[in-house]
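What follows is one structure encoded as structure tokens, with my remarks underneath.
The values are calculated or read from the model by the stated rules, or taken from the named source; none is laboratory data. Since we're looking at a predicted model, the values are computed, not measured. Counting neighbours? That spans all protein chains shown, and the Cβs are built from the backbone with ideal geometry, glycine included. Accessible surface areas use protein heavy atoms only, side chains included; no ligands, DNA or RNA. Shrake-Rupley method; radii C 1.70, N 1.55, O 1.52, S 1.80 Å.
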Amino acid sequence: MAKRLTVVLSQGQSQNPAKRGLEEDLVARLLMEPGIDATVVPHLYDLQPDGTAMLCLQGISGDMVVLSWLYERAARWILDRNDVRGQVGTSLILNEDDDEDEDNDEESAAGESAAGESAAGESDDDKQRVVDFREPPSRKIYCIDLRADNQAATYVDEIKRIAAETNTDVVQLGEWIQGTPAPEQMQRYLEGGTAAGVGANGSGGGNLTAGGNVTGAGNVTGAGNVTGAGNVTGAGNVTGAGNVTGGAGGDGPREVNRVDEEPGRRWYPVIDFSRCTNCMECIDFCLFGVYGVDQVDTILVEQPDNCRKGCPACSRVCPENAIIFPQHKTPAIAGSPEFVGSLKIDLSKLFGAPESDESAVDAAVRERDEQLVMVGRDAVGESVGIAMRQQQAEDRPKDELDGLLDELDELDL
Amino acid sequence: MSEPLAFAMGEFEARFPVDRQYATNHMWAQSRDDIVRFGFSAYAVRLLQDVYFLDWIVDAPVKLSEKQQIGAIESKKAESDLFAPLDGTLTQFNQNLLSDPSSINVDGYGDGWLFEMRGTAEGLLRPEQYIDHLDAVWEVTQRTIKGQLNE
């Protein structure tokens, strides 16, 4: 049996025809590729944790490529929060940002074996990150930002390269069948256990079971089986290619697995645990109960929907820039460490943007106060949850208390 | 009903119905009782051209102060943050625009309305005052666009 690779395409929120066109072009091309199972889900960030689409992603056990209109880090850690985990797959399609990211990862990995010998000379490198205590599963997840290139062919070529690189074994899929399928997956299996389901929904997890039962399913070419694929919703959008059967040399009939879910727009923080040091500044700063800790006292986004729409304040106070708001306009907050120039004209000044050059902490305090006032609570200013306030304090003449403390420091105890 | 006023943006003539008021951030405002409905003026729509994506960063109802950021927009030609045109309570957004923002282009003075606010419309401009405002900002607008294109 051929090794299979699941490609997940997360659709954008924008109606931009260029973006929509790229998505459809990609789907049509992926259908023609042997060994690739394509799954289309709505915008990754908006998916409900217990919704159909996320269940479907959780059901994928092998190597996976995730294409989305999000920074690679944003996509990866959104998946992580939803228990879709794996080793970091390295895509050759990179924004410059991703490049630097990787260097950092390598540095910090190397930093453990040769402690203190950080080439960059950054004191940060010996810090322990939450990810150091977590062992992800052995499968690989490749996240690719669809803003990196506007040609579908670029992505298809890269996916073919990844497919060759990975070693997804069907035996692994067999292991999954012994596991516990989610109710939704089970239902899909029971309803759609036709041979057509094999190729069409291979990525959907539940249907892999059908594949296990139908031996040699890859050779089924009967068109009748294809039309029976009741699981494929919205297939009308897939250009004819969706019904090509057997064209991929024994890979079986294929259709794209479209998981329709109509999620509303969501807004919540996503923690990058390869940066997070569990310092708890976010939980101290946020006054809306978004953050919590797990059984081993590691920070987590416990109540994402408590988050105040549009407020990225906790991200600004995070000393490691580990908190991502994927929909924020500022690239550094949305998951990129660097500014990415836009090709479009920014009309904000014309449409009433106030002039501003406030510091990150000032902005965070202002944003938090705005949100507090919106829900009828009192603004707290800088009085709550700001660490190292002394460092931010302006220089002013020492008072008596300062003098007393200085004397204490000088005492040789 | 009176003829709409016009303002020449190069070759293009933007038209402004006189049955409503305007805000300096290029939104029109139509009051009914104490509710004011807002939408983009033809001037704003011309600068934007085809709107692809609209996102609000606050949930209605919400108390706002003027110039507070409420959302962002992406179009064929441009992108911009969007700001509250006056102090007051934003009561509802036009939900239809979220999945399909094209009515901003097709029917900007009607179905393409953006949101409604409860507040005093005192600071808003009469159509002829808005035309004066456009006269004053047209230079800056052109410079902003050209400046960024040349970057």
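Here the Karplus curve 6.51 cos²θ - 1.76 cosθ + 1.60, taken at θ = phi - 60°, turns the phi angles of the range A:312-318 into couplings of x, 4, 4, 5, 6, 8, 5 Hz, with x standing for Gly and Pro.
Interface between chains B and A: roughly 2700 Å² of accessible area buried, both sides summed (probe 1.4 Å, protein heavy atoms only).
3J(HN,Hα) along the range A:361-372: 5, 4, 5, 4, 5, 5, 4, 5, 4, 4, 5, 4 Hz, from the Karplus curve 6.51 cos²θ - 1.76 cosθ + 1.60 with θ = phi - 60°, whole Hz, x for Gly and Pro.
Ranked by accessible surface with a 1.4 Å probe, highest first, in what order do A:Leu405, A:Leu44, A:Leu92 come?
Working: A:Leu405 85, A:Leu44 0, A:Leu92 115 Å².
Sorted descending by solvent-accessible area, the residues read A:Leu92, A:Leu405, A:Leu44.
What's the magnitude of the charge dipole for the range A:1-98 around its Cα centre, counting Lys and Arg as +1 and Asp and Glu as -1 at the beta-carbon? Answer in Debye, nearest 20. Write out the running numbers ahead of the final one.
Working: 9 positive and 14 negative charges, 31 e Å.
For this selection, approximately 160 debye.
Here the peptides A:31-38, B:18-25 are ranked by packing, the mean other Cβ count within 10 Å, and the order with the highest first is A:31-38, B:18-25. Ligands, DNA and RNA left out, the 1.4 Å accessible surface of the range B:1-142 is 45% carbon and sulfur atoms. With the highest mean first, a sort of the peptides B:45-52, B:123-130 on other beta-carbon atoms found within 10 angstrom per residue produces B:45-52, B:123-130.
Average partner chain C-beta neighbours within 10 Å, per residue of B:52-60?
Numbers: counts 9, 6, 3, 8, 3, 10, 7, 5, 0.
Neighbouring Cβ atoms belonging to other protein chains average 6 per residue here.
Taking every protein chain into account, the accessible area of chain B amounts to 48 square angstrom per residue (probe 1.4 Å). Evaluating 6.51 cos²θ - 1.76 cosθ + 1.60 at θ = phi - 60° for every residue in the range A:59-67, the Karplus couplings come out as x, 7, 9, x, 5, 8, 10, 10, 9 Hz, glycine and proline recorded as x. Near the amide H of A:Gln87, within less than 5 Å, lie the amide hydrogens of A:Arg139, A:Lys140, A:Ile141, all on another chain or at least 5 residues away, with H placed in the peptide plane. Report the calculated FRET efficiency for A:Gln128 and B:Asp87 (r = Cβ-Cβ distance, R0 = 45 Å), to the nearest 0.05. Working from the Cβ atoms, E equals 0.40. Other protein chain C-beta atoms within 10 Å of residue C-beta, averaged over B:25-36: 1.
For A:Asp260 and A:Asp406, what does the FRET efficiency come to when R0 = 45 Å and r is the distance between their Cβ atoms, rounded to the nearest 0.05? That gives a FRET efficiency of 0.10. Under the criterion of Cα pairs below 8 Å and six or more residues apart, the relative contact order for chain B equals 25 percent.
Summarising the amide proton neighbourhood of B:Ile70: residues at separation of 5 or more, or on other chains, whose placed amide H is nearer than 5 Å comprise B:Leu82, B:Phe83, B:Ala84. Accessible-area rank, largest first, for A:Leu411, B:Leu90: A:Leu411, B:Leu90, with all protein chains present and a 1.4 angstrom probe.
Assign unit charges at the C-beta atoms only (+1 for Lys and Arg, -1 for Asp and Glu), then state the dipole size of chain B relative to its Cα centre in Debye, rounded to the nearest 20.
On the way: 13 positive and 24 negative charges, 18 e Å.
It works out to roughly 80 debye.
Distant-in-sequence amide contacts of A:Asp37, defined by a placed amide H-H separation under 5 Å and a gap of 5 or more residues or a different chain, comprise A:Leu5, A:Thr6, A:Val7. In the structure shown, the pairs A:Lys309/B:Lys63; A:Lys309/B:Lys76; A:Lys140/A:Lys160; A:Lys19/A:Lys349 are assessed against 19 Å; a Cα-Cα span above that value is assigned to A:Lys309/B:Lys76; A:Lys19/A:Lys349. On the basis of the beta-carbon distance and an R0 of 56 Å, A:Asp284 and B:Arg15 show a calculated FRET efficiency of 0.55.
Annotation for A:Ser138 and B:Ala60: the two label points, set 7 Å from Cα along the Cα-Cβ direction, are 5.5 nm apart.
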